[in-house]
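Shown next, in structure tokens, is the structure this report addresses.
What follows is calculated from the coordinates using simple rules that are stated; it is not laboratory data. In this text, all values refer to a predicted model and were calculated from it rather than measured experimentally. As a convention, Cβ positions derive from the backbone with ideal geometry for all residues, glycine included, and neighbour counts pool all protein chains shown.
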Amino acid sequence: MTYNKKDMRKLLITAGLLFAFQIGTAQTQNYKEDTIKALKMSGAAAGITAVLEPIIEQIPEERRAEFNKDIEALLPSLYNQMAESMMKYYTHDDILKMLEFYHSPVGEKMQKHAKELTKDHIKAGENWGLQLREILNKYFQ
């Protein structure tokens, strides 16, 4: 089978487009994977765990393992949604710089204390909420 110049050009253009599409898809996938990695390193995963702990304590002990398994199955979906949100505001280069920071001593310290800090923030939020309720009662009576 022989190809004329026009057919050969079409074939090369098609191959080039397919190659560009594959590279673009791979870059987007790396971007998302890096974003999820940054998200987890930022303390978001520890924060989710901190929020879930009081809920887990309410579940009968014999059902906790099953509950944890169900939660673990849901987390990838949450991380994907959170990553998509982050990707609206941060470039891949921004995410790579975040990852670089999270590998620094201060970034590692942030990760180490993320769970406890989230618990402290929840407690502060609860206390503030009580104060807010008092103010709202003043205006809605």
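Of note:
- For the pair K112 and I56, a Förster radius of 25 Å applied to the C-beta separation gives a FRET efficiency near 0.70, rounded to the nearest 0.05.
- Segment 31-139: relative contact order as a whole-number percent, Cα under 8 Å and 6+ apart: 49
- Charge tally in the Cβ shell below 13 Å around A44, where Lys, Arg are +1 and Asp, Glu are -1, A44 excluded: +3
- Near F140, once Lys and Arg are set to +1 and Asp and Glu to -1 for all other residues with Cβ below 14 Å from its Cβ, the sum equals +1.
- When each of K32/K97; K32/K119; K69/K123; K37/K112; K37/K119; K37/K109 is checked by Cα-Cα distance, pairs over 18 Å: K32/K119; K69/K123; K37/K119
- R0 of 35 Å, Cβ-Cβ distance H103-N68: FRET efficiency to nearest 0.05: 0.75
- Label separation (L78 vs I122): 1.1 nm, computed from points 7 Å beyond Cα along the C-beta direction.
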